[in-house]
Amino acid sequence: MKLSYCIAFSGDGATDVTRRYVRDPSKYGCPRKRASEHTVMEIIKSIRSKRREKLSKDDKIRLIKEDIREEKELQMYLVQGLVVGLPASLSSNVLALEAHETQKSSVERGDCKSF
């Protein structure tokens with residue numbers, strides 16, 4: 001089965017998780033022609049706003065941080081998919097950079113301690 005869009009819905013909003021489930025768009029994806037990427041993002045933003053409008057400020061901040069972490073994770077899937085097609089010498093450099101960024105993000109959000 002090929003996917004164009006995979007949108008996850010929750011009580012707190014929605015997220016385009018296509019990158020998580022379609023790691024190789026040329027093999028498992030279909031063209032995303034139903035709407036522009038900008039339009040998809042605006043719709044998701046609208047759903048999030050509507051579902052979060054009655055939450056406390058602290059809950060909204062927590063969810064924004066979760067959204068940022070998830071977006072970084074989804075971007076990693078895209079990077080990993082691109083790296084697969086690179087020559088070994090280049091792909092190892094990209095993966096090392098990716099690992100560094102992941103560790104840096106963990107320290108920034110307090111998951112790890114920096115010494």
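The values are calculated or read from the model by the stated rules, or taken from the named source; none is laboratory data. What you are looking at is a predicted structure, and each value in this text was computed from that prediction instead of being measured. Quick reminder, even Gly has a Cβ in these numbers, built from the backbone with ideal geometry, and neighbours come from all protein chains shown.
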Leading residue by the ranking (surrounded by the most Cβ atoms within 10 Å (Cβ to Cβ)) among those in segment 10-34 that are within 14 Å of the chain's Cα centre (by Cα) and among the hydrophobic types (A, V, I, L, M, F, W, C) = 22
What is the one condition in (1) in a helix (DSSP H, G or I); (2) modelled with pLDDT under 95 that residue 65 does not satisfy?
-> (2)
